[in-house]
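Engineer: Once you've had a glance at the structure underneath, I'll fire off some questions.
The values are calculated or read from the model by the stated rules, or taken from the named source; none is laboratory data. Computed from a predicted model, the values in this text were never measured in an experiment. Neighbour counts are summed over all protein chains in view; Cβ atoms, including those assigned to glycine, are modelled from backbone coordinates with ideal geometry. Keep in mind that these areas ignore ligands, DNA and RNA; they rest on the heavy atoms of the full protein, side chains included. Shrake-Rupley method; radii C 1.70, N 1.55, O 1.52, S 1.80 Å.
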Amino acid sequence: MNTPPAFIVAIPARYGSTRLPGKPLLPLAGEAMILHVARRAQQAGAAQVVVATDDARIADALAGLPLTVCLTRADHASGSDRLAECAAQLGWADDTIVVNLQGDEPLAPPAGIRAVAQALAESAAPMATLVTPLGGIEELFSPHCVKVVCDGSGHALYFSRAPLPWARDALAASRHVLPAGVPFLRHIGIYAYRAGFLRRFAALPRTPLEAAESLEQLRALEHGHRIAVRLAPEVFPAGVDTPEDLARVDALLRSAAP
């Protein structure tokens with residue numbers, strides 16, 4: 001891979017969470033989750049790391065670290081909307097590459113963060129994201145695992161929490177294993193966009209499919225914007241959505257500690 005361009009990593013970190021209230025501050029291996037995420041962004045070589053949050057408690061947890069904290073409104077519909085406010089506050093130039101790293105991705109590999117910035121730099125699309133092959137039949141049917149189908153030029157056609165694509169004949173015969181020869185892809189919730197498009201994206205009206213699936217990237221597709229899709233260069237572990245995820249990631253981080 002070529003040396004990636006200069007990029008900013010912006011981390012939306014909302015305090016309120018339906019399943020895990022205060023999620024960015026929940027402890028993992030003795031530190032708040034948001035600290036692990038920020039460290040991954042720094043390891044990726046970001047020119048600037050910004051945490052965009054709606055809560056002073058998160059800002060306080062980051063005090064003294066070599067990053068920027070941007071306090072934003074609490075009523076944003078998505079992480080991208082929150083980052084658009086951040087872009088306006090910080091005055092990023094329109095051509096600045098911004099990587100949106102979710103605040104619940106404490107195991108995000110630095111190589112993947114660099115890869116999504118590179119994917120945007122090499123594409124004419126205004127957004128880029130990463131995928132990985134689906135891990136098994138359970139993921140295909142899990143609404144927590146977002147699937148994506150792409151066109152022949154590597155752009156997203158659709159994202160869904162439903163099984164996608166539907167291998168009609170193979171799944172009619174058996175739903176115990178993934179059908180062979182079908183491009184099942186799991187979406188990794190990391191995005192790159194230029195700051196100018198980020199601001200335009202946030203100004204677009206929310207769309208019916210975005211609301212139905214609760215997937216912000218569908219707003220871009222419904223408004224006719226392309227999203228470049230690339231395979232992640234290495235394993236991108238699942239983030240933290242449930243108490244079980246929290247326990248799993250805590251154990252992994254503790255086992256990896258020196």
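Engineer: Tell me, which residue of the range 60-81 that is crowded, with 16+ Cβ neighbours inside 10 Å and assigned to a helix (DSSP H, G or I) is modelled with the lowest pLDDT?
Structural biologist: Only one residue tops the list, namely 79.
Engineer: While we're on this one: Name the single residue, out of those in the range 96-114 being part of a helix (DSSP H, G or I) and open to solvent by less than 10 Å² (accessible area, probe 1.4 Å), that is nearest to residue 43 (Cα to Cα). Even if it seems obvious, please write down each step before you answer.
Structural biologist: To start, the set of residues in the range 96-114 that are part of a helix (DSSP H, G or I) comprises 110-114.
Narrowing the set further to residues that are open to solvent by less than 10 Å² (accessible area, probe 1.4 Å) leaves 112-113.
On the way: 112: 11, 113: 9 Å.
Among those that are part of a helix (DSSP H, G or I) and open to solvent by less than 10 Å² (accessible area, probe 1.4 Å), it is 113.
Engineer: I've got another one for you. Kindly establish whether residue 170 is without any contact (Cβ under 8 Å) to a residue 12 or more places away in the chain and either touching a Ser or Thr at 6+ places or on another chain (Cβ under 8 Å) or of a type outside the set (Phe, Trp, Tyr) (or both).
Structural biologist: When the stated conditions are applied, residue 170 does not pass them.
Engineer: Just to check your reading of the model, which residue among 132, 72 is among the β-branched types (Val, Ile, Thr) and in contact with an Asp or Glu (Cβ under 6 Å, 6 or more places away or on another chain)?
Structural biologist: 72
Engineer: Have a look at 57, 39 and point out the one that is at pLDDT 90 or above, farther than 30 Å from residue 196 by Cβ and not in a loop (DSSP other than H, G, I, E, B).
Structural biologist: Sole residue among the options that is at pLDDT 90 or above, farther than 30 Å from residue 196 by Cβ and not in a loop (DSSP other than H, G, I, E, B): 57.
Engineer: Have a look at 87, 117 and point out the one that is open to solvent by less than 30 Å² (accessible area, probe 1.4 Å), assigned to a helix (DSSP H, G or I), more than 23 Å from residue 209 (Cβ to Cβ) and in contact with a helix residue (DSSP H, G or I) (Cβ under 8 Å, 6 or more places away or on another chain).
Structural biologist: Working: 117 fails: in contact with a helix residue (DSSP H, G or I) (Cβ under 8 Å, 6 or more places away or on another chain).
Step by step, each of 87, 117 is checked, and only 87 is open to solvent by less than 30 Å² (accessible area, probe 1.4 Å), assigned to a helix (DSSP H, G or I), more than 23 Å from residue 209 (Cβ to Cβ) and in contact with a helix residue (DSSP H, G or I) (Cβ under 8 Å, 6 or more places away or on another chain).
Engineer: Would you say residue 123 is of a type in the set (Ser, Thr, Tyr) and free of Cβ contacts under 8 Å to residues at least 24 places away in the same chain?
Structural biologist: no
Engineer: Could you tell me whether any residue of the range 169-182 is under 26 Å from residue 99 (Cα atoms) and surrounded by fewer than 17 Cβ atoms within 10 Å (Cβ to Cβ)?
Structural biologist: no
Engineer: Cβ-Cβ below 8 Å, separation at least six or inter-chain, first residue in the range 243-256 and open to solvent by 60 Å² or more (accessible area, probe 1.4 Å), second basic (Lys, Arg): which pairs?
Structural biologist: 243/19
Engineer: Restricting attention to the range 199-249, which residues are farther than 22 Å from residue 82 by Cβ and of a type in the set (Lys, Arg)?
Structural biologist: 226, 230, 248
Engineer: Those residues that are under 15 Å from residue 221 (Cβ atoms) and among the aliphatic types (A, V, I, L, M), I need them from the range 154-188; list them, please.
Structural biologist: Scanning the range 154-188 gives 156, 157, 164.
Engineer: In the range 218-237, is there at least one residue being open to solvent by 40 Å² or more (accessible area, probe 1.4 Å), without any contact (Cβ under 8 Å) to a residue 12 or more places away in the chain, of a type outside the set (Lys, Arg) and more than 29 Å from residue 7 (Cα to Cα)?
Structural biologist: no
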